[in-house]
Amino acid sequence: MSADSALPVTREGTAAGGPSVTGAGAVRTAGRRKPADRRLLTVLLGLVVPALILLAWHLSTASGFFRPSQLPSPASVLAAAVDLVQRGQLATHILISTQRVVLGFLIGSVLGVLAGALLGLSRLADILLTPTVGALRAVPSLAWVPLLVLWIGINEDSKVTLISIGAFFPVFTTLYLGLRHVDRNLVEAARAFGLNGVRLLATVQLPAVVPALFSGLRLALAQSWLFLVAAELIASSMGLGFLLTDSQQTGRVDRIILAIILLAVIGKTTDALLGIAERWAVRRWA
């Protein structure tokens, strides 16, 4: 009789003293739960500070520390949001601004990747173009507004172009610097296997800079939302930037606070979506 057959069998069908299938499954289930629990805890902890700010905001306005003309109460801001929803304007403001940001971000990011790859891989292009690109990066966003109005006109194209300018430079800078610091031994090994040009870039160099590229993309997305307000100064009649400036002119502080909160929430939401794409790309290529 073998040693295995001599072991008593439990009700679960495993030999006493042997590995428990049920126990192993429980351990695997618990292991899967832990990351989900940690993510939930992270989200809840991240909401602590906003909740404290909201509480302080309510207490400061309810106690009369701030006048309503200085800082309206959270209830007043909520009422302003409800009013805009009932008028059918709030969703339009949000959708138009989001559309402008997404278009400008995509255009600026693609151009930033192309320029960053060119200057990061070509020594001649680096010498010729880096000083000029660095000088253009120092130009403030509002300085582009009058030039864009003259060149493109007062339309959507000028707004999207300004946002594209804001998105271009973070992507360009991070990709350019990342490519300049790719391990040369890795590149030479790839060339020894016959990889050159676009194949070398797509197979070796871009995967090596995926974390840096996504850092640039997330900065570019933040810049796009920053440039949105400047873009919507160009004779806009809709959008969150327009809501800000129009509310300033009409003295609606509640709507100003509402627009700021919406910009913060939507900006954080889009950044979180890009963060999900970043984690997938890092697992896939990095």
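Seen from residue 245, the other residues with C-beta closer than 12 Å to its C-beta sum to a net charge of 0, counting Lys and Arg as +1 and Asp and Glu as -1. Taking the C-alpha atoms only, the angle from helix 210-231 to the longest principal axis of the chain is near 20 degrees.
GNM, the chain, Cα, under 10 Å: largest mean-square fluctuation among 79, 259, 51? Of the options given, 51 has the highest mean-square fluctuation. Compared with the dominant principal axis of the Cα atoms in the chain, helix 90-121 is inclined by about 70°. When peptides 95-102, 43-50 are ranked by their average number of other Cβ atoms within 10 Å per residue, the highest-first order is 95-102, 43-50.
With all protein chains kept in place, the per residue accessible area of the chain amounts to 61 square angstrom at a probe of 1.4 angstrom.
Evaluate region 212-286: find the radius of gyration of its Cα atoms, find its Kirkwood radius, and give the ratio Rg to Rh.
1.13
Legend: residues 285, 225, sorted from most to least accessible area (1.4 Å probe; ligands, DNA and RNA excluded), read 285, 225.
Summing Cβ point charges (Lys, Arg +1; Asp, Glu -1) relative to the Cα centre of the chain gives a dipole of roughly 540 debye. The local environment of residue 255, defined by Cβ-Cβ distances under 13 Å, has a net charge of -1 under the rule Lys, Arg +1 and Asp, Glu -1. Each part gets one Cα centre, and for region 231-282 versus region 144-178 those centres are 18 Å apart.
Using only the alpha-carbon atoms of region 211-255 as identical scatterers, what base-10 log of I(q)/I(0) does the Debye formula give at q = 0.24, 0.31 Å⁻¹? Debye curve over Cα of region 211-255, log10 I(q)/I(0) at q = 0.24, 0.31 Å⁻¹: -0.78, -1.01. Taking each DSSP H run with n ≥ 4 as -39500 (n - 2.57) and averaging over every residue of the chain yields -25000 deg cm²/dmol at 222 nm.
The per residue volume of the convex hull around the alpha-carbon atoms of region 51-117 is 141 Å³. Over the Cα atoms of the chain, the radius of gyration divided by the Kirkwood radius equals 1.16; this is the Rg/Rh ratio. Projected onto its three principal axes, the C-alpha set of region 110-219 covers 53, 25, 19 Å, listed from the longest axis down.
Which angle between 0 and 90 degrees, to the nearest 10, do you get for helix 48-62 versus the longest principal axis of the chain when only C-alpha atoms count? Helix 48-62 sits roughly 30 degrees off the main axis of the chain.
From largest to smallest, the equivalent ellipsoid semi-axes obtained for region 116-161 from the alpha-carbon gyration tensor read 28, 12, 8 Å. When peptides 138-147, 154-163, 177-186 are ranked by their average number of other Cβ atoms within 10 Å per residue, the highest-first order is 154-163, 177-186, 138-147. For the chain, with a Gaussian network of springs between Cα atoms less than 10 Å apart, report the residue from 212, 135, 91 with the top mean-square fluctuation. Taking springs between Cα atoms under 10 Å, the residue moving most is 135.
Net charge near residue 190: determine it from the other residues with C-beta under 15 Å of the C-beta of residue 190, scoring Lys and Arg +1 and Asp and Glu -1. Result for the neighbourhood of residue 190: +1. When you filter the chymotrypsin sites (Phe, Trp or Tyr not before Pro) in region 30-123 for DSSP loop state and at most 16 other Cβ atoms inside 10 Å of their Cβ, you are left with 65, 66.
The values are calculated or read from the model by the stated rules, or taken from the named source; none is laboratory data. Not measured: the values here are computed from a predicted model. Positions of Cβ are backbone-derived with ideal geometry, glycine not excepted, and every protein chain shown enters the neighbour counts. These accessible areas exclude ligands, DNA and RNA; they are computed on the full protein's heavy atoms, side chains included. Shrake-Rupley method; radii C 1.70, N 1.55, O 1.52, S 1.80 Å.
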